[in-house]
1. Can you name the number of the only condition in (1) modelled with pLDDT under 90; (2) hydroxyl-bearing (S, T, Y); (3) within 21 Å of S112 (Cα to Cα) that T68 fails?
2. Under 6 Å by Cβ, and 6 or more places apart or on different chains, what pairs join a residue from the stretch 204-225 that is touching a residue at least 12 places away in the same chain (Cβ under 8 Å) with one that is buried (at least 20 other Cβ atoms within 10 Å of the Cβ) and not hydrophobic (A, V, I, L, M, F, W, C)?
3. Please go through (1) in contact with a strand residue (DSSP E or B) (Cβ under 9 Å, 6 or more places away or on another chain); (2) not in a loop (DSSP other than H, G, I, E, B) for S225 and return the number of the only condition it doesn't satisfy.
4. Let me confirm something: among L151, L49, L69, which residue is touching a residue at least 60 places away in the same chain (Cβ under 8 Å) and not in a loop (DSSP other than H, G, I, E, B)?
5. Is it fair to say S116 is in contact (Cβ under 8 Å) with a residue 24 or more places away in the chain and part of a helix (DSSP H, G or I)?
6. Criterion first (in contact with a Ser or Thr (Cβ under 7 Å, 6 or more places away or on another chain), exposed (fewer than 14 other Cβ atoms within 10 Å of the Cβ) and in contact (Cβ under 8 Å) with a residue 24 or more places away in the chain) does G111 satisfy it?
7. Give the stretch 199-236 a look and list any residue that's more than 19 Å from G146 (Cα to Cα) and hydrophobic (A, V, I, L, M, F, W, C), or say none.
8. Name the one entry in V185, V133 that is modelled with pLDDT of 90 or more, of a type in the set (A, V, I, L, M, F, W, C) and surrounded by fewer than 14 Cβ atoms within 10 Å (Cβ to Cβ).
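The values are calculated or read from the model by the stated rules, or taken from the named source; none is laboratory data. None of the values given here were measured: they were computed from a predicted structure. Cβ atoms come from the backbone with ideal geometry, glycine included; neighbour counts cover every protein chain shown.
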Amino acid sequence: MTSPVNDPGDGEIAAPLQEVLDAFVVHLRDERGLSDHTVRAYANDVQSLLVHAQRLGVTSVDQLSLSTLRSWLARQQSVGRARTTLARHAAAARTFTAWIQRTGLVAEDPGSRLASPKSHRTLPEVVRADDMVVVLDAAADVADDGTPVALRNVAIMELLYATGIRVSELTALDLADLNWDRSTVRVFGKGKKERTVPMGKPAQRALEAWIASGRAGLIRAGTRSDAVFLGTRGGRLGARAARDVVHQCLAAAPGAPDVGPHGLRHSAATHLLEGGADLRSVQELLGHASLATTQIYTHVSVERLRATYEQAHPRA
């Protein structure tokens, strides 16, 4: 198997190390079901680690040590890697060393005590609820002419905001994933984990209009597609095209941040919490593995409250 990594700047690794890296990539892709993007990121990080270890005289993974891992992170820091990048490197290293321990390649996991650099977490930018009304109303006005693309675009915007799903989850939707009776959508998130999320009535109406009156207009003659959303050439809508739709629609609200699809996800989560939803429910809706990931939206709400208070209160 050839290496999935092609970064000449990192250098090559000897065959014994390369074989382990290749097996690790197969594990990530086939057993854990991670996306191609995530697999490439892990593979590049681990290759960088193994190149560094090899320069220190390591010839097999059973010679990896905690000091080797720390030396590699220190090297990354010395060349100016950001804290978030260093934290990702550390996470990739721990995943790799835990795997080689589970598979019996090493007796002990050298990465179990590897600490991650603390990252300065920035709060996600969100679209205000009143701006979202302007954006969605504008998209609906455009769709009044009944053109397939306009009907599709309003359905995309309504569904992303209603459900908080990722753009990759949206473009992967098939018609069988829509449950009209229960007003729910079945999505497959990271690691191919399945979850069911509710959609509001405006989103369902927009989807029904798109499927009933617009979708057939984009299907090529003689072809068949199970995809919910189609591109202008008749195939499954791609993530880049979906992002373009979001950026175009957000421009309808002057002053609204141009946040893209992930910003709609942030906005949906923030507005749910501001409306009284509990954190666990939002976690389940978004498909977060850890509650800590969802908790950042509570900070968003607090910061928005603080900004409003400072602007409005006479003695702020």
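1. Against the list (1) modelled with pLDDT under 90; (2) hydroxyl-bearing (S, T, Y); (3) within 21 Å of S112 (Cα to Cα), T68 comes up short only on (1).
2. That search, which allows pairs on different chains as well, returns A206/E158; W210/R152; G214/R152.
3. All conditions are met except number (2).
4. L151
5. Against the criterion (in contact (Cβ under 8 Å) with a residue 24 or more places away in the chain and part of a helix (DSSP H, G or I)), S116 does not qualify.
6. Taking the combined requirement at face value, the residue does not satisfy it.
7. Within the stretch 199-236, M199, A221, A227 meet the criteria.
8. Step by step, each of V185, V133 is checked, and only V133 is modelled with pLDDT of 90 or more, of a type in the set (A, V, I, L, M, F, W, C) and surrounded by fewer than 14 Cβ atoms within 10 Å (Cβ to Cβ).
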